[in-house]
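The values are calculated or read from the model by the stated rules, or taken from the named source; none is laboratory data. None of the values given here were measured: they were computed from a predicted structure. When we count neighbours, we look across all protein chains shown, and the Cβ atoms used for this are built from the backbone with ideal geometry, even at glycine.
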């Protein structure tokens, strides 16, 4: 499968209009595509579970105070979450079970990636912020799923707080906090909480604007 064919398959799977895929999105999808090409003998589900395994591996690192390598592993976990879908698309191995497993693992990983920093930070302000971010993340993904169940396309449920942005934010904060101090997690955690809350607001406002035919317009 060529890269252009992969982009078309990705757009179709995500109910996204190919002509609206900008330069950044095309660039962002290239690395998972390149990594997936030689993985024809690997099940996409294995890659999905590997992403969860890498995320879980960050917990003992945070607990031991090794936030810098933990942050790097957060990026690896996020990348694997993109590679599993690329493997399924490139090698024609997409299944309903794989899609459900991927969503399930994503939700578990979301919580794990916020639990790790909570093991490392000191003080209640950062931990309460991480707890708020975890609640906001869970609520955001639930509202997104409900919108899609009501007929919204994947393009219509895009918000400022998409999962790749959240993963990068956690990774970057972990790496920087290891260099400048744990205090950085206070504004970062509450910033994540505010981002997820704002994203929920975006979806609710959209739901109010199209109460009967959410997939139209």
Close pairs (9 angstrom Cβ cut-off, 6 or more residues apart or separate chains): in contact (Cβ under 8 Å) with a residue 60 or more places away in the chain in segment 100-112, assigned to a helix (DSSP H, G or I) and surrounded by 13 or more Cβ atoms within 10 Å (Cβ to Cβ) anywhere: 112/52; 112/55; 112/56; 112/58; 112/59; 112/77
Qualifying positions in segment 112-125 - more than 15 Å from the chain's Cα centre (by Cα), part of a helix (DSSP H, G or I) and crowded, with 17+ Cβ neighbours inside 10 Å: 115, 116, 117, 118, 119, 120
Extreme residue, nearest to residue 56 (Cα to Cα), among residues of segment 126-168 that are loosely packed, with under 15 Cβ neighbours inside 10 Å and over 17 Å from the mean Cα position of the chain (by Cα): 146
Yes/no for residue 173 being part of a loop (DSSP other than H, G, I, E, B) and either free of Cβ contacts under 8 Å to residues at least 40 places away in the same chain or surrounded by 14 or more Cβ atoms within 10 Å (Cβ to Cβ) (or both): no
Filter result for the condition that a residue is closer than 26 Å to residue 151 by Cβ, buried (at least 16 other Cβ atoms within 10 Å of the Cβ) and either free of Cβ contacts under 8 Å to residues at least 40 places away in the same chain or touching a helix residue (DSSP H, G or I) at 6+ places or on another chain (Cβ under 8 Å) (or both), over 89, 36: 89
Test result for residue 61, out of contact with any strand residue (DSSP E or B) (no Cβ under 6 Å at 6 or more places or on another chain), surrounded by 15 or more Cβ atoms within 10 Å (Cβ to Cβ) and either over 18 Å from residue 196 (Cα atoms) or at pLDDT 95 or above (or both): yes
